[in-house]
1. Do we have any residue at all in the stretch 106-118 that's within 25 Å of Thr263 (Cα to Cα), of a type in the set (Ser, Thr, Tyr) and assigned to a strand (DSSP E or B)?
2. Only one residue in Leu275, Leu244 is without any contact (Cβ under 8 Å) to a residue 24 or more places away in the chain, of a type in the set (A, V, I, L, M) and either farther than 26 Å from Tyr30 by Cα or out of contact with any His (no Cβ under 6 Å at 6 or more places or on another chain) (or both). Which one?
3. Confirm whether Thr18 is free of Cβ contacts under 8 Å to residues at least 60 places away in the same chain and among the polar types (S, T, N, Q).
4. Among (1) more than 22 Å from Thr269 (Cα to Cα); (2) free of Cβ contacts under 8 Å to residues at least 40 places away in the same chain; (3) surrounded by 21 or more Cβ atoms within 10 Å (Cβ to Cβ), which single condition is Asp61 missing?
5. Could you list, in sequence order, all residues of the stretch 155-178 that are in contact (Cβ under 8 Å) with a residue 60 or more places away in the chain, in a helix (DSSP H, G or I) and farther than 19 Å from Ala37 by Cα?
6. Can you pull out the residues in the stretch 142-154 that are among the acidic types (Asp, Glu) and either in a helix (DSSP H, G or I) or on the phi > 0 side of the Ramachandran plot (or both)?
7. Under the condition of being among the acidic types (Asp, Glu), free of Cβ contacts under 8 Å to residues at least 24 places away in the same chain and assigned to a loop (DSSP other than H, G, I, E, B), which residue from the stretch 179-224 is surrounded by the fewest Cβ atoms within 10 Å (Cβ to Cβ)?
8. Would you pick out the residues in the stretch 136-154 that are under 17 Å from Ala37 (Cβ atoms) and not small (Gly, Ala, Ser)?
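The values are calculated or read from the model by the stated rules, or taken from the named source; none is laboratory data. Everything numeric in this text was worked out from a predicted model, so none of it was measured. Note that we place each Cβ from the backbone using ideal geometry, even for glycine, and neighbour counts take in every protein chain shown.
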Amino acid sequence: MDKSVDVVALGELLIDMTMNGTSAQGNALYEANPGGAPCNVLAMLERLGRKTAFIGKVGDDIFGHELKGVLGEVGIDHRGLVIDEHVRTTLAFVKTFEDGDRDFSFYRNPGADMMLAKEDVDADLIRSARIFHFGTLSMTHEPARSATLFALDEAKNAGAMISFDPNLREPLWDSLDEAKEQVLAGLTYCDVLKISDNEIQWLTGLDDYTEGVEWILARYMVRLVTVSLGKSGSMAFYRKDPALADYIKAEAAPFLQKDTIETTGAGDTFGGCVLNYVLDKGLDDLKESDLKEMLTFANAAASIITTRRGALRVMPEPGEIRELIAGKL
């Protein structure tokens, strides 16, 4: 089967309304940054020279048409993007606190991304992918949940590697029990998992990250798990044979920046770099040194994106990532 696209992602494409100071009257100013976790991942991969494509839905409105244009601008194939005449493009208002934490307010009741139906999904595009990537925002409601599961079945049957980032956004779920149920459903398909520190504690009920990953590895056939730890760096767990409990573990320190503005998109940038490494090396014989190299590059890229507003349009170049690792930035 022709695998002409490195990574196809399905999910949300939206506008992140990010705080950007105050007006002369003291009112908060918001900047309309194109975003959505799956497309942020693809944008990083495009920066690294990969061929990518997106499947999703936006509204037939100002923001929807702008987002389609941005995908073209950064090189993401948007033949799988559907324009909905009846539902508006999703907006996410992001408030960043002094410690770097964020609070999200979503205008999505419904939003166009939720309305992606099974009939909208370009199955041929999915079959052309080496890796299929998804998250859980497309699993919060129907019909997008069924569309996601259909896409996963198509990808698995076509021999694609499956990449999963739960990307939990609690306000979007009717209940956290439902969220957990859908995350666990996603794990049944997953080869490569990117998960954050707070997500793994929530999912497994275990405070220790290694114990949390072991909980996942004991129940699912995941080959590679990366855990993003924010200001504490990242970890990776790899096993050559998903039927066995034995794994290799590596850790990498963060690259902390004095001029960090916000962390929106940092995890997606990290995830894109991980997938790029997997495309290069595969999953058949990784060593601890490989995992360390992968994490170091991904941490550096994520660090750079925290110094910029938004993510999709401003992903770091490979050269500046290498310069940061070499201590030249």
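1. yes
2. Of Leu275, Leu244, the one residue that is without any contact (Cβ under 8 Å) to a residue 24 or more places away in the chain, of a type in the set (A, V, I, L, M) and either farther than 26 Å from Tyr30 by Cα or out of contact with any His (no Cβ under 6 Å at 6 or more places or on another chain) (or both) is Leu244.
3. no
4. (3)
5. Across the stretch 155-178, the qualifying residue is only Ala155.
6. Those that are among the acidic types (Asp, Glu) and either in a helix (DSSP H, G or I) or on the phi > 0 side of the Ramachandran plot (or both): Asp153, Glu154.
7. Among those residues, the one meeting the criterion is Asp207.
8. Thr136, Leu137, Met139, Thr140, His141, Arg145, Thr148, Leu152
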